[in-house]
Protein chains: 2
Amino acid sequence: LTTIALDGMGGDHGPSVVVPAALATLSDEPAARFILVGRREQLVEELRRCRGHESERLRVHHAPEIVAMDESPAQALRTKKASSMRVAIELVKQGEAHAAVSAGNTGALMATARFVLKTLPGIDRPAIIRNLPSVRGHAHVLDLGANVDCTAEQLVQFAIMGSILVSAIEGKERPRIGLLNVGQENIKGNEIVKQAAELLRASHVNYVGYVEGNDIYTGDVDVVVCDGFVGNIALKASEGLAQMIWQFMRQEFSRHWSRRLAALVAAPALRALGRRVDPRLYNGATLIGLNGTVVKSHGGADVVAFQQAIREALSEANHNVPERIGRELGLMLGAGQVA
Amino acid sequence: LTTIALDGMGGDHGPSVVVPAALATLSDEPAARFILVGRREQLVEELRRCRGHESERLRVHHAPEIVAMDESPAQALRTKKASSMRVAIELVKQGEAHAAVSAGNTGALMATARFVLKTLPGIDRPAIIRNLPSVRGHAHVLDLGANVDCTAEQLVQFAIMGSILVSAIEGKERPRIGLLNVGQENIKGNEIVKQAAELLRASHVNYVGYVEGNDIYTGDVDVVVCDGFVGNIALKASEGLAQMIWQFMRQEFSRHWSRRLAALVAAPALRALGRRVDPRLYNGATLIGLNGTVVKSHGGADVVAFQQAIREALSEANHNVPERIGRELGLMLGAGQVA
């Protein structure tokens with residue numbers, strides 16, 4: 001059985017999303033076990049509301065405090081030692097859970113995870129990695145916002161971690177790694193990216209060269225490496241554009257009666273399209289580079305989205321992603337291939 | 001009459017796009033006059049093919065050389081002194097044209113424009129600015145790739161130029177300026193962005209604070225300021241996502257006969273949607289910060305798209321954008337508000 005600790009109080013919706021998502025996943029994933037961390041009373045009440053109950057595969061673990069969505073990471077770390085977020089991560093540290101999932105505040109989650117679990121040897125700072133849909137399959141992108149200023153060495157660490165994660169959970173032997181840049185010609189790009197490209201060419205990862213922003217969605221590479229500033233903005237720009245297109249589509253399909261009729265006829269195709277780009281089915285970003293698996297769900301996630309984050313945590317825990325990264329970095333440190 | 005010099009040989013399609021676009025715009029814009037720059041024989045031949053002819057409002061200006069799409073900017077500048085691109089820009093310098101439009105190679109166009117026209121006093125380096133659709137209207141974004149590493153002062157210059165451009169061509173008195181960052185809290189962001197925010201708060205532009213990637217498309221600000229590395233990647237990521245969505249939509253609407261039927265019924269709504277996000281209707285990026293107006297069309301632009309780039313050049317020339325920027329920067333230099 002794989003045990004996942006769930007921060008029951010995190011996110012915009014707290015237990016009203018986390019509890020039903022856990023219950024739904026229990027039946028889908030017979031080898032999974034969950035620890036719901038948070039205020040016992042609220043969690044039990046929500047379980048009752050959802051017609052669920054505590055069991056060997058679904059325990060409630062009391063944690064009285066809650067990290068607010070706008071709380072500063074430093075403050076959360078200093079004053080919320082009994083928060084649901086902190087306790088969920090400590091269960092991973094203590095070996096009682098194989099991974100933790102939280103929809104709580106990203107900064108606090110990252111600070112707490114780093115403090116409790118520590119980064120792997122050879123990794124300066126953890127990164128945030130996520131799976132995004134592409135024309136042919138999907139691509140993992142990192143860093144998505146943990147590190148706003150990165151050195152070339154950090155970008156190389158990201159490439160190594162992304163490569164190991166994709167190879168572990170997708171069984172790809174040599175995932176193709178691209179470095180995000182403004183152009184594919186070698187002369188372009190900023191200095192740090194150029195240095196990182198040189199280091200990557202000398203490394204053992206399957207580095208295929210520079211990629212541009214649109215290549216996140218072409219499926220030509222398995223992993224896109226960038227600093228957290230660029231990655232976060234590229235991701236949010238994409239989200240903003242997608243929302244705009246959906247909004248325009250809704251407007252165009254409701255302009256007058258003939259358009260509303262067309263919407264009915266087109267509904268199956270539009271629903272199928274929606275499923276292929278539904279951000280809920282790509283929910284769940286991993287804090288990678290730690291001694292343990294921590295998955296961040298979107299704060300506004302609904303039950304469907306939160307379930308996806310749980311599945312992501314299960315998959316990474318089942319494939320021992322942190323151990324694999326640690327082992328490979330250990331070998332590289334031994335061989336002097338990373339600093 | 002406003003005179004626009006058109007690089008007749010630039011882009012993937014050269015005269016076969018530029019000439020029909022010029023002819024179409026001639027009838028739409030009675031106050032416009034064009035100089036087609038490039039190989040006379042080819043341009044005249046294309047004019048004949050399009051059933052057009054030289055006139056007082058449509059001259060051909062011979063320039064024997066062509067800058068290749070993959071030619072290095074330094075090489076183009078050194079060896080192609082009689083290129084269609086160079087000669088078109090020189091017509092602006094000499095006062096024979098009010099603006100130039102080229103679909104040629106961006107690097108060479110920027111290098112040539114800087115060399116021939118020079119940057120305005122108070123501007124370190126020109127930027128690339130473009131109009132993008134948003135939920136409510138549109139937003140101008142700069143820099144989109146001319147400057148991969150920017151200082152805080154350069155970001156402030158971008159903000160000033162963007163503000164003046166929007167105020168000139170759209171008549172908005174105090175355009176809202178946002179600084180692209182990874183979060184709206186003041187604690188986030190990299191050092192250069194934080195410094196730029198401080199300078200912008202002290203400046204006279206209508207700085208509304210940090211914006212995130214998705215805000216490019218929400219319409220909450222009129223101008224989004226960022227360095228060229230981030231701007232280029234955000235723009236290309238958006239383009240990649242939009243292409244993916246269209247491709248998925250085409251697939252879903254052609255999966256079997258009932259879907260193809262639905263596509264017919266939905267065609268008016270889908271066409272209306274397409275018009276609202278058609279990148280051709282947003283073609284034309286301005287090299288801003290120069291003593292003169294130079295508009296870069298997408299290299300793969302078709303006639304519709306190239307016409308849009310011409311309209312952009314006409315609008316900026318009619319509103320004296322470079323002169324206004326120069327005047328305002330002159331006042332600010334005098335008052336010690338810019339370095």
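The values are calculated or read from the model by the stated rules, or taken from the named source; none is laboratory data. Just so it is clear, the structure is predicted and the values come from calculations on it, not from any experiment. Positions of Cβ are generated from backbone atoms using ideal geometry, with glycine treated the same way; all protein chains shown enter the neighbour counts. Note: accessible area is taken over every heavy atom of the protein model, side chains too, but ligands, DNA and RNA are not part of it. Shrake-Rupley method; radii C 1.70, N 1.55, O 1.52, S 1.80 Å.
Data overview
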{"item": "Residue among B:V208, B:V224 that alone is out of contact with any Leu (no Cβ under 7 Å at 6 or more places or on another chain) and within 24 Å of B:V321 (Cβ to Cβ)", "result": "B:V208"}
{"item": "Residues being within 19 Å of A:D220 (Cα to Cα) and open to solvent by less than 10 Å² (accessible area, probe 1.4 Å) - total across the range A:138-159", "result": "7"}
{"item": "Matching residues, the range B:91-105, being surrounded by 22 or more Cβ atoms within 10 Å (Cβ to Cβ) and either without any contact (Cβ under 8 Å) to a residue 60 or more places away in the chain or not aliphatic (A, V, I, L, M) (or both)", "result": "B:H98, B:S102, B:G104, B:N105"}
{"item": "Qualifying position, being touching a Lys or Arg at 6+ places or on another chain (Cβ under 8 Å), open to solvent by 10 Å² or more (accessible area, probe 1.4 Å) and away from chain B (no Cβ under 14 Å), among A:D220, A:D302", "result": "A:D302"}
{"item": "Residue pairs meeting the criteria (Cβ under 8 Å; at least 6 apart or on separate chains; first facing chain A (nearest Cβ under 7 Å), in the range B:224-248; second assigned to a strand (DSSP E or B) and of a type in the set (S, T, N, Q))", "result": "B:M244/A:S134"}
{"item": "Pairs, first more than 9 Å from chain A (Cβ to nearest Cβ) and in contact (Cβ under 8 Å) with a residue 40 or more places away in the chain in the range B:260-279, second open to solvent by less than 30 Å² (accessible area, probe 1.4 Å) and in a helix (DSSP H, G or I), C-beta under 8 Å, six or more apart", "result": "B:P279/B:A242; B:P279/B:A305"}
{"item": "Residue that is open to solvent by less than 10 Å² (accessible area, probe 1.4 Å) and among the small types (G, A, S), where the choices are A:A237, A:A242, A:A263", "result": "A:A237"}
{"item": "Total residues in the range B:83-109, condition at positive phi and outside any loop (DSSP other than H, G, I, E, B)", "result": "0"}
{"item": "Filtered residues of the range A:191-248 (kept if in contact with a His (Cβ under 9 Å, 6 or more places away or on another chain) and under 15 Å from A:V156 (Cβ atoms))", "result": "A:V223, A:V224"}
{"item": "The range B:115-137, subset touching a residue at least 60 places away in the same chain (Cβ under 8 Å) and in contact with an Asp or Glu (Cβ under 7 Å, 6 or more places away or on another chain), residue most open to solvent (accessible area, probe 1.4 Å)", "result": "B:I128"}
{"item": "Residue among B:Q307, B:Q251 that is more than 20 Å from B:D143 (Cα to Cα) and either more than 14 Å from every other protein chain (Cβ to nearest Cβ) or not in a helix (DSSP H, G or I) (or both)", "result": "B:Q307"}
{"item": "Inter-residue pairs, beta-carbon under 7 Å, first over 14 Å from B:V116 (Cα atoms) and in the range B:57-86, second among the aromatic types (F, W, Y) and buried (at least 21 other Cβ atoms within 10 Å of the Cβ), 6+ apart", "result": "B:R57/B:F34; B:L58/B:F34"}
{"item": "Among (1) surrounded by fewer than 21 Cβ atoms within 10 Å (Cβ to Cβ); (2) out of contact with any Gly (no Cβ under 6 Å at 6 or more places or on another chain) - the single one A:L6 does not satisfy", "result": "(1)"}
{"item": "Only one of B:R280, B:R311, B:R275 that is open to solvent by 30 Å² or more (accessible area, probe 1.4 Å), more than 16 Å from the chain's Cα centre (by Cα) and of a type outside the set (G, A, S)", "result": "B:R275"}
{"item": "Of the criteria (1) more than 8 Å from every other protein chain (Cβ to nearest Cβ); (2) farther than 19 Å from B:A234 by Cβ; (3) over 20 Å from the mean Cα position of the chain (by Cα), which one A:G171 fails", "result": "(3)"}
{"item": "Test: A:V211 is within 25 Å of B:V230 (Cβ to Cβ), open to solvent by less than 20 Å² (accessible area, probe 1.4 Å) and more than 7 Å from chain B (Cβ to nearest Cβ)", "result": "yes"}
{"item": "Verdict on A:R49 being surrounded by fewer than 21 Cβ atoms within 10 Å (Cβ to Cβ) and touching a Ser or Thr at 6+ places or on another chain (Cβ under 9 Å)", "result": "yes"}
{"item": "In the range B:110-130, the residues that are away from every other protein chain (no Cβ under 14 Å) and either under 15 Å from the mean Cα position of the chain (by Cα) or part of a helix (DSSP H, G or I) (or both)", "result": "B:T112, B:A113, B:R114, B:F115, B:V116, B:L117, B:P126, B:I129"}
{"item": "Lone unmet requirement of (1) modelled with pLDDT of 95 or more; (2) open to solvent by less than 10 Å² (accessible area, probe 1.4 Å); (3) within 17 Å of the chain's Cα centre (by Cα) for A:G178", "result": "(3)"}
{"item": "Subset of the range A:21-44 (residues that are in contact with a Lys or Arg (Cβ under 9 Å, 6 or more places away or on another chain) and assigned to a helix (DSSP H, G or I))", "result": "A:L23, A:T25, A:L26, A:D28"}
{"item": "Residue among A:V225, A:V295 that is touching a helix residue (DSSP H, G or I) at 6+ places or on another chain (Cβ under 8 Å), over 19 Å from A:R176 (Cα atoms) and open to solvent by less than 10 Å² (accessible area, probe 1.4 Å)", "result": "A:V295"}
{"item": "Odd one out for A:G145, checked against (1) of a type outside the set (A, V, I, L, M); (2) away from chain B (no Cβ under 11 Å); (3) in contact (Cβ under 8 Å) with a residue 24 or more places away in the chain", "result": "(2)"}
{"item": "Condition met for B:N206 (within 14 Å of another protein chain (Cβ to nearest Cβ) and either crowded, with 18+ Cβ neighbours inside 10 Å or not hydroxyl-bearing (S, T, Y) (or both))", "result": "no"}
{"item": "The range B:174-203: number of residues that are closer than 18 Å to B:I128 by Cα and within 14 Å of another protein chain (Cβ to nearest Cβ)", "result": "3"}
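Condition check ((1) hydrophobic (A, V, I, L, M, F, W, C); (2) over 18 Å from A:Q307 (Cα atoms); (3) touching a helix residue (DSSP H, G or I) at 6+ places or on another chain (Cβ under 7 Å); (4) open to solvent by less than 20 Å² (accessible area, probe 1.4 Å)) across all residues:
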site: A:A24; (1), (2), (3), (4): yes, no, yes, no
site: A:E41; (1), (2), (3), (4): no, yes, no, no
site: A:E45; (1), (2), (3), (4): no, yes, no, no
site: A:S55; (1), (2), (3), (4): no, yes, no, no
site: A:R59; (1), (2), (3), (4): no, no, no, no
site: A:D70; (1), (2), (3), (4): no, yes, no, no
site: A:Q75; (1), (2), (3), (4): no, yes, no, no
site: A:K80; (1), (2), (3), (4): no, yes, yes, no
site: A:S84; (1), (2), (3), (4): no, yes, no, yes
